[in-house]
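*Asks:* One structure, pasted below without further comment.
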Amino acid sequence: MKPMRSAAQPYTLAAVALAAGWQVAATALNTEALPGPASVLVSFARQVRGPLGIHFAVSAYRVLVSLALALVTAVPWGIAMGRMRRTDALLSPLVYLIYPIPKIAFLPLVLLLFGIGDGSRIFLIAFILFFQILVTTRDAAREIPREYILSMRSLGAGRLQKAFHLVLPAVLPKILTSLRIGIGTAIAVLFFVESFATSTGLGYFILDAWSRLDYESMYAGIVGMGLLGAVLYEFVEVLDRTLCRWTKI
Amino acid sequence: MIRLEKIIVTYRTDAGIHEALAGVDLAIERGTSCVIIGPTGCGKTSLLYLLAGLLEPASGQVILDGRPLSGVRRQTSLILQQHGLFPWKNALANASLGLGIRGAAREKVMGTTRTLMEKMGIWDVRRSYPAQLSGGQRQRVAIARSLATDPDLLLMDEPFSALDAMTRESLQELFLGLWKERSFTSVLVTHSIEEAAFLGNRIVVLSPRPGRVLGILENPEMGDPRYRLSESFHLMCSGIRRLMEGSR
Ligand SMILES: Nc1ncnc2c1ncn2[C@@H]1O[C@H](COP(=O)(O)OP(=O)(O)OP(=O)(O)O)[C@@H](O)[C@H]1O
Ligand SMILES: [Mg+2]
């Protein structure tokens, strides 16, 4: 269980440092809008087995499904664009036109198409992640050294075998990096999509507590969002260590 | 039997058409070891890619066993200048890749690969990634991978050039043993005169770019590991050197 300890120790340190800074700020500002870490943690511990835990689970579900959806759609397209010049020439301009547009602006259309349930929320997060993962994957696929391509071809590999033995492993480290960046984006968008027409999720929990001026609960929700992010980041680390061991030597 | 007929290879670059090979005619007998030597940039790698079916000539043709070569063929193995191992696969996975891709049964893949790797002294490092191997071990993995598929034609691009002298000589001897035992046709590219004299039945000397055949030397005494120490070996080396220098 060595990896567990090596991951837990820095987290303990970081949590202590964060709590210390937080306490200093709370004391200095002396406002209801920033309660100290102790009372927030008490509030978190009290609620996590109840509603807060459920909101956490709902948010985690939305982010995970979005991430998975974005991955399985963006990676194949990114590889196709990176490895096939025609496809790239055709699609890249399209991507560059759509990429910079704030996708949230499409909210009315998304709501119309997917309704006001989880579908819309998941679609919006995945849609935004799709472009980040797509462009990273495409660039990584483009940069595969010619030597590897020739080596694979001379071994007589077919298309699928090339994808499996060469392209996927070559782009995987970059995909994981895009996932790390994507997790930050995903949680920011999550907060937004949980701020309307729903009564579940950490975003809702935070805004609801705020409207009731229950600052302890509000910060307990924020702690929950932080934890959600950290869990996702650690998951990517585990993937990295198991699937990309060769980059760590 | 391989015949190269009036081979011209060109590359399109920003500066225009770049001629790499300018009319190469050459015949390589089945089961022989042909070494191609020439100065850097003369088109040696291009010539190997051509034989591997990875590159089309601008004109001329490659005839293999009486038929024009078109594309990659299964009985040909290629070892690239930078060994061409995949950094994300360990030594065993790299060495067994060719057989695996051909869809051989798992037991056969593992059995054949293991026998070869043991013979080449790299079975103990089978779990190491290429980055964790020495240059000599990497080259052994590359050779194991290319021989695992039991090719009738082995193409090698300066396989031993990045190694220290002792490792190079021991690998040359290892290769010589494998070639005598398995009787595949071998085409090896090098810029080392000693390597050419030690490993080639015939030595083809190319001119500086654009490459042309300057001369072909028969090397009948090759094949004995002690050849390196003999008088005739040194004579052969001088002969190659004279041909190469005559072109400058
Ligand atoms: N893909 C390419 N595009 C443009 N020019 C190329 C390309 N590949 C090779 N060349 C040029 O063609 C010529 C022959 O290249 P090649 O790699 O076959 O030479 P070489 O004899 O193998 O050289 P070295 O001994 O350095 O490996 C060189 O001048 C090189 O710059
Ligand atoms: Mg070369």
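*Asks:* Restricting the search to the range A:93-117, which residues are within 23 Å of residue A:180 (Cα to Cα) and not aliphatic (A, V, I, L, M)?
*Replies:* Within the range A:93-117, the subset within 23 Å of residue A:180 (Cα to Cα) is A:95-96, A:98-104.
A:96, A:99, A:100, A:102, A:103 - these are the residues of the range A:93-117 that are within 23 Å of residue A:180 (Cα to Cα) and not aliphatic (A, V, I, L, M).
*Asks:* Which numbered condition trips up residue B:84, out of (1) at pLDDT 95 or above; (2) of a type outside the set (Ser, Thr, Tyr); (3) buried (at least 16 other Cβ atoms within 10 Å of the Cβ)?
*Replies:* So the condition that residue B:84 fails would be (1).
*Asks:* Condition first: more than 6 Å from ligand 1 (Cβ to nearest atom) and either within 14 Å of chain A (Cβ to nearest Cβ) or β-branched (Val, Ile, Thr) (or both). Now tell me which residues in the range B:32-46 satisfy that.
*Replies:* B:32, B:35, B:36, B:37
*Asks:* Going residue by residue through the range B:57-77, is there one that turns out to be more than 10 Å from every other protein chain (Cβ to nearest Cβ) and within 13 Å of ligand 1 (Cβ to nearest atom)?
*Replies:* Among the residues of the range B:57-77, at least one is more than 10 Å from every other protein chain (Cβ to nearest Cβ) and within 13 Å of ligand 1 (Cβ to nearest atom), which makes the answer yes.
*Asks:* Given the condition more than 23 Å from residue A:246 (Cα to Cα), outside any helix (DSSP H, G or I) and more than 8 Å from chain A (Cβ to nearest Cβ), answer yes or no: does some residue in the range B:82-98 qualify?
*Replies:* The initial filter retains those residues of the range B:82-98 that are more than 23 Å from residue A:246 (Cα to Cα), namely none.
No - not one qualifying residue is present in the range B:82-98.
*Asks:* For the range A:78-90, check the following and say yes or no: at least one residue is closer than 24 Å to residue A:142 by Cβ, polar (S, T, N, Q) and open to solvent by less than 60 Å² (accessible area, probe 1.4 Å). Quick ask: steps written out before the conclusion?
*Replies:* First pass over the range A:78-90, keeping only residues closer than 24 Å to residue A:142 by Cβ: A:78-90.
Remaining after also requiring polar (S, T, N, Q): A:87.
Applying the additional criterion that residues be open to solvent by less than 60 Å² (accessible area, probe 1.4 Å) yields A:87.
For the range A:78-90, residues closer than 24 Å to residue A:142 by Cβ, polar (S, T, N, Q) and open to solvent by less than 60 Å² (accessible area, probe 1.4 Å): present.
*Asks:* Can you report the number of residues in the range B:124-159 which are of a type in the set (Gly, Ala, Ser) and within 10 Å of another protein chain (Cβ to nearest Cβ)? Don't jump to the end; show me each part of the working.
*Replies:* Going residue by residue through the range B:124-159, those that are of a type in the set (Gly, Ala, Ser) are B:128, B:131, B:134-136, B:142, B:144, B:146, B:148.
If we keep only those that are within 10 Å of another protein chain (Cβ to nearest Cβ) too, we end up with B:128, B:131, B:142, B:146.
Matching residues across the range B:124-159 total 4.
*Asks:* So in the range B:9-68, with the set limited to residues that are under 30 Å from residue B:224 (Cβ atoms) and in a helix (DSSP H, G or I), which one is most open to solvent (accessible area, probe 1.4 Å)?
*Replies:* Result: B:45.
*Asks:* Just the residues that are more than 9 Å from every other protein chain (Cβ to nearest Cβ) and assigned to a helix (DSSP H, G or I), please, taken from the range A:140-167. Show your work before the answer.
*Replies:* Taking the range A:140-167 as the starting set, the residues that turn out to be more than 9 Å from every other protein chain (Cβ to nearest Cβ) are A:140-144, A:146, A:149, A:159-160, A:162-164, A:167.
Correct list: A:140, A:141, A:142, A:146, A:149, A:159, A:160, A:162, A:163, A:164, A:167.
*Asks:* When you go through (1) within 16 Å of ligand 1 (Cβ to nearest atom); (2) within 24 Å of residue B:72 (Cα to Cα) one by one for residue B:147, which number turns out not to apply?
*Replies:* Only one criterion is unmet by residue B:147, namely (1).
*Asks:* Among the listed residues A:198, A:177, A:137, which satisfies the condition of being more than 14 Å from chain B (Cβ to nearest Cβ), under 22 Å from residue A:240 (Cβ atoms), hydroxyl-bearing (Ser, Thr, Tyr) and surrounded by fewer than 23 Cβ atoms within 10 Å (Cβ to Cβ)?
*Replies:* On the way: A:198 fails: under 22 Å from residue A:240 (Cβ atoms); A:137 fails: surrounded by fewer than 23 Cβ atoms within 10 Å (Cβ to Cβ).
Testing whether each residue is more than 14 Å from chain B (Cβ to nearest Cβ), under 22 Å from residue A:240 (Cβ atoms), hydroxyl-bearing (Ser, Thr, Tyr) and surrounded by fewer than 23 Cβ atoms within 10 Å (Cβ to Cβ) leaves just A:177.
*Asks:* Related question: Hey, residue B:108 hits all of (1) over 22 Å from the mean Cα position of the chain (by Cα); (2) within 11 Å of another protein chain (Cβ to nearest Cβ) but one; which does it fall short on?
*Replies:* (2)
*Asks:* Does any residue in the range B:187-210 that is outside the structural domain of residue B:38 (by TED's automatic domain parsing) come within less than 6 Å, Cβ to Cβ, of a residue that is outside any strand (DSSP E or B) and surrounded by fewer than 20 Cβ atoms within 10 Å (Cβ to Cβ) six or more places away or on a different chain, and which pairs are these?
*Replies:* No pair meets every condition.
*Asks:* Any chance the range B:59-75 includes a residue that's more than 20 Å from residue B:139 (Cα to Cα) and within 16 Å of ligand 2 (Cβ to nearest atom)?
*Replies:* Taking every residue of the range B:59-75 in turn, none turns out to be more than 20 Å from residue B:139 (Cα to Cα) and within 16 Å of ligand 2 (Cβ to nearest atom).
The values are calculated or read from the model by the stated rules, or taken from the named source; none is laboratory data. Quick caveat: nothing in here was measured; it's all calculated off a predicted structure. Every residue, glycine among them, receives a Cβ derived from its backbone with ideal geometry; neighbour counts consider all protein chains shown. When the accessible area is computed, the model is the full protein with side chains, heavy atoms only, and any ligands, DNA or RNA have been set aside. Shrake-Rupley method; radii C 1.70, N 1.55, O 1.52, S 1.80 Å.
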